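Scroll down for the structure; my scribbles are underneath it.
Every number here is computed from the coordinates shown, using simple stated rules; none is lab data. Keep in mind the model is a prediction, meaning the values are calculated, not measured. Heads up, the Cβs are rebuilt from the backbone with ideal geometry, glycines too, and the neighbour counts pull from every protein chain shown.
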C-alpha cells in the first residue's frame, strides 16, 4: 500500500485556509483510491518544528528528530506540501522542516534518499504574481522550491497548484477580483482532484 506524506503549514484553520482546503481535497481523493494506504501527517503550524541550530546541524543523522523526518520523507511514495505565500516566500515553519530534513549524506548528497519522489505543492496567495501582472517576478515560492528539490533532493517532478487572489473576499479594495478569485479557487480544487487521481493510479495494483 502506498504512503502519502502530507505537510500543512498554514497559520489558519481549515475552512478559512485555502491551502488546507485544497490539500484536503487532494488527500480525500487519494484516500478514496487507497483506503488502506498510509498517511504521514504533520501540521507544521500547529506543531512547529524547532529551527536548526549549529549543534543539531553538526549531529546530522544522529539527531533523532532529523532522522525521523528523513525517514518519513523516504517512506513517502508521494509528498503533498502546503506552501502558502507569506511575505513573498514560504512560511517559516515549512522552512524549518526543509532545514531539518536536509540531512547531508542521506537526504542530500551524492545519492539523495528520496530522489524521484513526486511532490505536489499547494501555494495559495492573496494576490496574483503571474507574468504580466504588477507583481510579476515577486514570487519566491515556486522558483525556490523548484530549484531546491531538483538541486538538492534529486526531485524534478514538482507540481504546483496555485489558488490566487485569496484576499479578494476580505478586502473591499479588491472586490473587483472576487470573480477571478472564485475561478482560481474552483480550478485549484479541480487540479487537486486530477493530480490525486493521476498519482494514485501509479500505485494501483492491477489484477493478474
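Touching a strand residue (DSSP E or B) at 6+ places or on another chain (Cβ under 9 Å) and free of Cβ contacts under 8 Å to residues at least 60 places away in the same chain: is that true of residue 126 in this structure?
On the way: touching a strand residue (DSSP E or B) at 6+ places or on another chain (Cβ under 9 Å): no; free of Cβ contacts under 8 Å to residues at least 60 places away in the same chain: yes.
No: the conditions fail for residue 126.
Enumerate the helices (runs of 4 or more DSSP H) found wholly within segment 45-104, keeping only those where 3 or more residues are in contact (Cβ under 8 Å) with a residue 12 or more places away in the chain, touching a helix residue (DSSP H, G or I) at 6+ places or on another chain (Cβ under 9 Å) and closer than 21 Å to residue 147 by Cα. Explain how you work it out, then say what you get.
Numbers: elements: 54-59, 64-75, 92-101.
Those helices (runs of 4 or more DSSP H) span 64-75, 92-101.
Among residues of segment 134-166 being crowded, with 19+ Cβ neighbours inside 10 Å and out of contact with any helix residue (DSSP H, G or I) (no Cβ under 6 Å at 6 or more places or on another chain), the one that is farthest from residue 73 (Cα to Cα) is 139. For residue 131, the conditions (1) in contact with a strand residue (DSSP E or B) (Cβ under 7 Å, 6 or more places away or on another chain); (2) surrounded by fewer than 13 Cβ atoms within 10 Å (Cβ to Cβ) are fulfilled apart from (1). On the stretch given as segment 184-201, residues that are within 13 Å of residue 18 (Cα to Cα) and without any contact (Cβ under 8 Å) to a residue 40 or more places away in the chain total 3.
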